[in-house]
Amino acid sequence: MTIEDQITRAIGVHGQWKFRLTQAVDTGASEFDPDVVKFDNRCEFGKWLHEEITPEEQVAGHYSHVVELHAKFHTLASNILREAVAGDKDHARELIASGSEYAALSSEMTLSLMAWKKSLAAAA
């Protein structure tokens with residue numbers, strides 16, 4: 001799979017996480033463990049970021065910023081899940097709401113992934 005394909009896939013999976021988190025907040029349950037979700041190197045995209053990208057590709061402009069955002073995303077997602085499954089729906093809703101740190105980070109991550117993909121296309 002090319003870098004562009006991985007980034008496209010990551011954008012889609014990232015969108016699925018917003019749905020999963022909203023669902024966990026609404027239901028108070030999740031198939032995902034917050035203590036596992038907090039690790040940014042266990043999901044498919046995280047494994048790719050940390051294990052498969054070559055050192056040459058890591059030096060390219062967007063990599064380090066995306067790694068940083070991805071790690072923060074996992075921390076915030078874990079916190080939201082923890083509150084949701086603990087039954088604190090109100091706090092979980094605050095954590096995921098429009099204008100929250102999660103919402104801002106989620107948008108920034110998507111935009112950064114898209115910019116990375118665009119820069120790769122321009123370089124080709």
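The values are calculated or read from the model by the stated rules, or taken from the named source; none is laboratory data. A quick note: this is a predicted structure, and the numbers were derived from the prediction, not measured. Note that we place each Cβ from the backbone using ideal geometry, even for glycine, and neighbour counts take in every protein chain shown. These accessible areas exclude ligands, DNA and RNA; they are computed on the full protein's heavy atoms, side chains included. Shrake-Rupley method; radii C 1.70, N 1.55, O 1.52, S 1.80 Å.
At a 1.4 Å probe radius, carbon and sulfur cover how many percent of the accessible area of the chain?
53
Among the lysines, which have Cα under 23 Å from the Cα of K117 when same-chain residues fewer than 8 positions away are ignored?
Of all the lysines, those that pass the test against K117 - Cα under 23 Å, at least 8 places apart if same chain - are K18, K47, K72.
Among the aspartates and glutamates, which fall within straight-line cross-link reach of K38, defined as a Cα-Cα distance under 15 Å, with same-chain neighbours fewer than 8 residues apart omitted?
Answer for K38, where 15 Å is the Cα cut-off: E68, E83, listed by chain and number.
How much of D33 can a 1.4 Å solvent probe reach, expressed as accessible area in Å² and rounded to 10?
D33 exposes around 70 Å² with every protein chain in place.
Using the beta-carbon distance between A29 and S107 and R0 = 22 Å, what value does 1/(1 + (r/R0)^6) give for FRET efficiency, to the nearest 0.05?
0.25
At 18 angstrom or more along the helix axis (alpha-carbon based) and mean Kyte-Doolittle of -1.0 or higher, what helices does the chain contain? Whole DSSP H runs only.
3-27, 63-85, 101-123
How high is the FRET efficiency between M114 and F39 when r is their beta carbon distance and R₀ equals 22 Å, given to the nearest 0.05?
Calculated transfer efficiency: 0.35.
Placing +1 at every Lys and Arg Cβ and -1 at every Asp and Glu Cβ, with all other atoms neutral, what dipole size does the chain have around its Cα centre, in debye to the nearest 20?
240
What size of dipole, in debye to the nearest 20, comes out for region 43-99 about its Cα centre when the only charges are +1 on Lys and Arg C-beta atoms and -1 on Asp and Glu C-beta atoms?
With Lys and Arg at +1 and Asp and Glu at -1, about 260 debye.
If you build a Gaussian network model of the chain, linking Cα atoms that sit under 10 Å apart, which residue out of T110, T54, T27 swings the most?
T54
Go through (i) -1.26, -1.46; (ii) -0.92, -1.20; (iii) -0.83, -1.16 and flag the label whose value is the computed log10 I(q)/I(0) by the Debye sum over Cα atoms at q = 0.17, 0.21 Å⁻¹ for this structure.
(iii)
With only Lys, Arg, Asp and Glu charged, each at its Cβ (+1 for the first two, -1 for the last two), find how big the charge dipole of region 1-73 is about the Cα centre; round to the nearest 20 debye.
Taking the Cα centre of region 1-73 as origin, the dipole is about 280 debye.
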